[in-house]
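All remarks here apply to the structure that follows.
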Amino acid sequence: MKTIDDLNFSGKKALIRVDFNVPLDEDFNITDDNRIQGAAPTIKKILADGGAVILMSHLGRPKEGPTDKYSLKHIVGHLSKVLGVDVKFANDCIGEEAIQKSAELKDGEVLLLENLRFYKEEEKGDVGFAEKLAKFGDVYVNDAFGTAHRAHASTAIIAQFFPNNKYAGYLMAAEINNAEKVLNKPERPFTAIMGGAKVSDKIQLIEALLDKVDNLVIGGGMAYTFVKARGGEIGKSLVELDKLDLANELVKKADEKGVNLVLPTDAQIADKFANDADTYNGPNDQIPADREGLDIGSESSAHFAEVISASNTLLWNGPMGVFEFDTFAKGTKAVADAVVKATERGAFSLIGGGDSAAAVSKFGMTEHVSYVSTGGGALLEYMEGKVLPGVKALED
């Protein structure tokens, strides 16, 4: 796979697929610009070479065509500040205005096209739609790892129109290199920390990791399915009753493969799903019928931290509890602290996107781990061993 370092972009128009699917508040202010910051080095490199940049992205999930709420016009001001240039905007991604503005674009200038998903053809992977987009650039660059697992027009189909002129941006290359480092060259002991709500969401990932890791730490809502499968009383805690046999099967597989499966033993037990709940720390297999576990307990936090601190490679995907409530953020914070300490000692730590990235951001630890992925679903699928259409399109 070629990267943008393999080309001098002087005099060229680079059509870049970025992932600017950023969260906006009700006044259209960006509340987290990590994805914009992540793509900035790629854009700046091309501009510094003397090239022009045409950016295409999606925002949200518009159902019925153009919707003001999902217009990329809302990010133009902030993007201009980050890049240090006045970003031009086309109010369509394939219409006459887009054609004219891209044709008039001069070296050193940036044009942002309107939301790709205002056209259903984008998500359908329509070849005709991809061909229209392809006409805007001399060179295609994909820097949107977060959408690489989708076979959409702008991420996978479009590359065929640039057989000798397709490149990975810096963010895309970094995501793949860091994932490969964990998957294929881990320094041992290698510990994966899995959290989140459901076992079913992570089953393929867990099964893939059982062939690679030394320790598998499981927390979050999914842990109660394991506790219930062993006959524990979990009250109103989150559980997948149709996955009890699967949980027992995973425990058996871990044992057969010599993987140290670390499950929580206690929980922060609450009388309601709220920050001001009445809580106590107790065994997670003795939760009263009218209560639920919303975080791992102090004993589990200490045990998890002990395993993490002895590791040299760490993969973390999913929180240990309802970390959005400060009352139930202690377990996730304990894991984050342990990951940071291990990293400072020299361990390599890869943080999965989504809630894990949000957690390290909440605790101000983003700069203190080795790498925070921008792609939640894409990273999971890559770790599961699946072929990502957006990555394959750059390799073919």
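In table form, for the structure just shown:
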quantity	calculated
Only listed residue being of a type in the set (V, I, T) and either free of Cβ contacts under 8 Å to residues at least 24 places away in the same chain or under 18 Å from T31 (Cβ atoms) (or both), chosen from V391, V335, V340, V387	V387
Search result, residues across region 301-327 that are surrounded by fewer than 23 Cβ atoms within 10 Å (Cβ to Cβ), over 28 Å from D276 (Cβ atoms) and among the hydrophobic types (A, V, I, L, M, F, W, C)	V307, A310
Filter pass, G377 being surrounded by fewer than 22 Cβ atoms within 10 Å (Cβ to Cβ) and not in a loop (DSSP other than H, G, I, E, B)	yes
Answer residue from region 356-374, given it is touching a helix residue (DSSP H, G or I) at 6+ places or on another chain (Cβ under 8 Å) and closer than 16 Å to I193 by Cα and is surrounded by the most Cβ atoms within 10 Å (Cβ to Cβ) among those	S373
Matching residues in region 284-328 - criterion: being small (G, A, S) and more than 22 Å from L205 (Cβ to Cβ)	A289, G293, G297, S298, S301, A302, A305, S309, A310
Hits in region 344-355 (condition: surrounded by fewer than 17 Cβ atoms within 10 Å (Cβ to Cβ) and assigned to a helix (DSSP H, G or I))	E344, R345
Residue ID - surrounded by the most Cβ atoms within 10 Å (Cβ to Cβ), chosen from residues in region 134-169 that are of a type in the set (V, I, T) and closer than 22 Å to G60 by Cβ	T155
Within region 328-342, considering residues that are more than 23 Å from A270 (Cβ to Cβ) and within 20 Å of the chain's Cα centre (by Cα), the one surrounded by the fewest Cβ atoms within 10 Å (Cβ to Cβ)	V340
Contacts under 8 angstrom Cβ, first residue in region 350-376 being over 20 Å from Y170 (Cα atoms) and in contact (Cβ under 8 Å) with a residue 40 or more places away in the chain, partner polar (S, T, N, Q) and surrounded by fewer than 20 Cβ atoms within 10 Å (Cβ to Cβ), 6 or more apart	S361/N34
Residue match in region 293-300 (condition: farther than 15 Å from V227 by Cα and crowded, with 18+ Cβ neighbours inside 10 Å)	no
Single residue of region 15-31 satisfying the filter (among the aliphatic types (A, V, I, L, M) and modelled with pLDDT of 95 or more) that is farthest from V391 (Cα to Cα)	L15
Filter result for E256 (more than 17 Å from G331 (Cα to Cα) and of a type in the set (D, E))	yes
Residue within region 193-211 that is surrounded by fewer than 22 Cβ atoms within 10 Å (Cβ to Cβ), basic (K, R) and farther than 23 Å from T265 by Cβ present	no
Evaluation of G50 against (1) at positive phi; (2) under 28 Å from the mean Cα position of the chain (by Cα) (one fails), failing number	(2)
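Let's see how each residue does on (1) on the phi > 0 side of the Ramachandran plot; (2) in contact (Cβ under 8 Å) with a residue 24 or more places away in the chain; (3) in contact with an Asp or Glu (Cβ under 6 Å, 6 or more places away or on another chain):
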| position | (1), (2), (3) |
| --- | --- |
| N215 | no, yes, no |
| R230 | no, yes, no |
| D245 | no, no, no |
| N260 | no, yes, no |
| A277 | no, yes, yes |
| E292 | no, yes, no |
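Residue-by-condition table, conditions (1) in contact with a His (Cβ under 6 Å, 6 or more places away or on another chain); (2) modelled with pLDDT of 95 or more; (3) among the acidic types (D, E); (4) closer than 25 Å to T366 by Cα:
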{"site": "K13", "(1), (2), (3), (4)": "no, yes, no, no"}
{"site": "D33", "(1), (2), (3), (4)": "no, no, yes, yes"}
{"site": "K45", "(1), (2), (3), (4)": "no, yes, no, yes"}
{"site": "D68", "(1), (2), (3), (4)": "no, no, yes, no"}
{"site": "L72", "(1), (2), (3), (4)": "no, yes, no, no"}
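The values are calculated or read from the model by the stated rules, or taken from the named source; none is laboratory data. Just so you know, these numbers come straight off a predicted model, no measurement behind them. Counting neighbours? That spans all protein chains shown, and the Cβs are built from the backbone with ideal geometry, glycine included.
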